[in-house]
Amino acid sequence: MVQIKYIIILFLLTLTFKVFSQKFTISGYVKDVETGESLIGANVYEQATIIGTSSNNYGFFSLALPSDTIVIIISYVGYGTKKMAFNLQDDMELTIELSPSEMLEEVIVTAGEAIEQTTEMSIVRLPIRQIKSLPAFMGETDVMKALQLLPGVQSGVEGSSGVYVRGGGPDQNLILLDGVPVYNASHLFGAFSVFNADAINNIELIKGGFPARYGGRLSSVIDITMREGNSKALKVNGSIGLISSQLTMEGPIKNEKTTFILSGRRTYLDILTRPILKIATKGREKAGYYFYDLNFKINHTFSNKDRIYLSTYMGQDKASSTSEWKNESPSFKQLSKEKYGLDWGNITTSFRWNHLFTPKLFSNTTINYSRYRFSIFEGFKRTYIDQGENLTEEGAMQYFSGIEDFSTKMDFDFLPNASHSIKFGFNAVHHTFNPGVSATQSGNELDTVMEAGKIYALEGAAYVEDDFRINDKFKANLGLHASGFLVNGQSYYSLQPRVALRYLLNANTSLKASYGDMTQYIHLLTNSGIGLPTDLWVPATDNVLPQQSRQAAVGLAKTLKNNFEVSVEGYYKTMDNLIEYKEGASFMNIDTNWEEKIERGSGVAYGGEFFVRKNTGKLTGWVGYTLSKSDRQFDNLNFGEKYPYKYDRRHDVSIVGVYKINDRIELSGSWVFGTGNALSIPIATYKETTGSYWWNESVNYYSGRNDFRMKPYHRLDLGISFKKQKKWGIRTWSFSIYNVYSRKNPFFIEIGQRDNKQEFIQYSLFPIIPSFSYKFNFIKND
């Protein structure tokens, strides 16, 4: 394996520095004609030769072609296709604007834009317009829940926005917002994600075949790009839903050179539940929960060669409760007050500078900041009045933890000719881990402060990749990602080769294969697996090794009748140096070093995925099916025997459709089915005895870890939207029903008592839930 790795590396370096001759270059940007937003991943190719490329994360493209009369075709999902003819005699710079079209009856499809032409594998892009059309849980459009409907992506438990990709854990997903890692992407204990759909431009999911420019996680990359702001007109849109409202403002600041977008969202569950709780407890208890998000982005275009961007995200969840009660008698009086609070949130900030050195060399320089924190507070105050004497007791406990990053990186796109697309760059990250601080207080005195201690670490990486055409049938992407990690005097280094190959079997069918090594230097300690804020981020240390994985995949990609994209993939992945809490350990035991509370093990995941998608016409959507298996093995868990991962799911099915009846009415629906989650339940109960005494509590006996299954999960969601043009803009009423036939899907199972006998009791979370939202879209043209 080591020899093969270095042969690949040597072959990569040889090809990377091989530059072919070419004539002239067409370069520029692809944008939305209505808003001026950059279109990411737009296809640009020459009609006769089918030589093409795609726009990068900033809408930039570069295509080198010989001097001749040429026809360029530009296309993007959900937009009209554009043809442009030129007599190419010199380098050209273009700004190409495409018109959105939600319903395309005719579309030009050739080999240049079909999925079988690219070397990309295990990569899915979802248009934000399609995500907004799907049925919304409680009226909230959710990006992460849309990703759960794709093959190879598991949803965890009922109602959760967490994702588990190809047998991986929640910490193995690199979630990027404008290139900045987001460490906790959940609101409302996992029910919603932190991403406001109105502020998002593009979503890309990478499940395997990882390009060399990505690193630091084992299972997936979820690359989310914020919108840049409307450069044509001032636009205000918003929505009022069942549990939250949001408002977005965007527009140009000066001559379309500077644009901005400001978007905010807040729930009002605290406002709705406060009077109900007050009446139910006769004013003795007060409780509330809410979350908010705030996205802001501003960008300025100095020229076709220089642009700068500043984007930031802030979000917070806050839950609190206060209870008061009193106990009175003729000679005694007791007054008690208890408080509880839980809050967590993210801050991310990114400053970017795009520079075009030549029509063939594009660069992006970035400075990033990311912070995630959570805090738990609990306090009490009790006053006793006995025979006229007063006695007061009070105390408090607080626990908080988090992670903070400062980073910088430089990325380059070099396009020497139409056969090569070379990307290279480097980055550096300074991590600060805070595994936990606990403080207790009695009266006004701080009694005890227990701190796990901050941990500082440096992480660096460099990469190079070349996507090149060998001949008319064979295309390859070879890359190398090199990384290092320094923590407490301990250093780790890793060379990670990446290979993706494509071979055309015929004009619209290709065979693909990929292989990638991945290394992850950080771990997530979790008790629940559903993304609770108490999950702790910790680094690799001299006692805890970095996580590593190797994934290979093969598949077929095909376009049917110029309208359906079909892909079939099989994958095999191994994972080493995974960690889990020991039995009975938790985040609160900070008097014990976290390294002493974990077990170390490995995992394996393999399976097959089928995906067919229709992107054009009145009816759009997809069908996905996954057949998979995922196991774990820890020496000190389950007697050292291999056992199913908690979210191992043998079968997973999703059917998604959006049907546009006319310009005013749109229907949507989704149906999902999945094998039940694995769980551990006892097979026998007995009582222990010491001498002649029996203990009152029973002892449960387990045959193995996760050796039983919950009932299968399935659910139908439906939605309908009514859009109407008004003098001031567009208003939309959206209605949706979650879990239409009110399936009692299992959330968890516990042992209960009935007729002095133990039995298993299943708890379900969400029955049928109807919801609505009112959306408005106001545009002010100059």
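The values are calculated or read from the model by the stated rules, or taken from the named source; none is laboratory data. Here the structure is a predicted model, which means the values were calculated and not measured. All Cβ positions, glycine included, derive from the backbone under ideal geometry; neighbour counts span all protein chains shown.
Points to keep in mind about this one:
- Flag for Asn295 being within 28 Å of Glu204 (Cβ to Cβ), polar (S, T, N, Q) and part of a loop (DSSP other than H, G, I, E, B): no
- If the condition is being crowded, with 21+ Cβ neighbours inside 10 Å and touching a Lys or Arg at 6+ places or on another chain (Cβ under 7 Å), then the range 38-52 contributes Ser38, Leu39.
- From the options Glu93, Glu34, residue that is closer than 22 Å to Gly251 by Cα and surrounded by fewer than 18 Cβ atoms within 10 Å (Cβ to Cβ): Glu34
- Any strands (runs of 3 or more DSSP E) falling wholly within the range 462-569 and containing at least 3 residues that are in contact with an Asp or Glu (Cβ under 7 Å, 6 or more places away or on another chain): 474-487, 490-506, 522-525, 547-560
- Failed item, numbered, when Ala146 is tested on (1) farther than 30 Å from Ile768 by Cα; (2) out of contact with any Ser or Thr (no Cβ under 8 Å at 6 or more places or on another chain); (3) modelled with pLDDT of 85 or more: (1)
- For the range 315-354, a tally of residues being part of a strand (DSSP E or B) and either surrounded by fewer than 17 Cβ atoms within 10 Å (Cβ to Cβ) or hydroxyl-bearing (Ser, Thr, Tyr) (or both) returns 25.
- Only listed residue being surrounded by fewer than 22 Cβ atoms within 10 Å (Cβ to Cβ) and either touching a residue at least 40 places away in the same chain (Cβ under 8 Å) or not assigned by TED's automatic domain parsing to the domain that holds Tyr571 (or both), chosen from Asp466, Asp472, Asp535, Asp542: Asp542
- In the range 606-622, residue surrounded by the most Cβ atoms within 10 Å (Cβ to Cβ) [restricted to those that are among the small types (Gly, Ala, Ser) and within 16 Å of Ser133 (Cα to Cα)]: Gly621
- Any hit, the range 338-345, residues being out of contact with any helix residue (DSSP H, G or I) (no Cβ under 8 Å at 6 or more places or on another chain) and closer than 30 Å to Asn427 by Cβ: yes
- Any pair with Cβ under 8 angstrom, 6 or more apart, that starts in the range 732-746 at a residue that is closer than 12 Å to Gly241 by Cα and in the same structural domain as Val236 (by TED's automatic domain parsing) and ends at one that is aliphatic (A, V, I, L, M) and in a loop (DSSP other than H, G, I, E, B): Ser734/Ala136; Ser736/Ala136
The rows are residues; the columns are (1) farther than 17 Å from Val464 by Cα; (2) among the small types (Gly, Ala, Ser); (3) free of Cβ contacts under 8 Å to residues at least 40 places away in the same chain.
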site	(1), (2), (3)
Arg382	yes, no, no
Glu389	yes, no, yes
Gly395	yes, yes, no
His420	no, no, no
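- Residues (buried (at least 20 other Cβ atoms within 10 Å of the Cβ), farther than 22 Å from Gly179 by Cα and of a type in the set (Gly, Ala, Ser)) located in the range 384-437: Ser401, Ala418, Gly436
- Annotation note: Cβ proximity below 8 Å between a residue of the range 705-731 that is over 30 Å from Glu750 (Cα atoms) and a residue that is at pLDDT below 85 (sequence gap 6+ or interchain) occurs for Gly719/Ala136; Gly729/Ile779.
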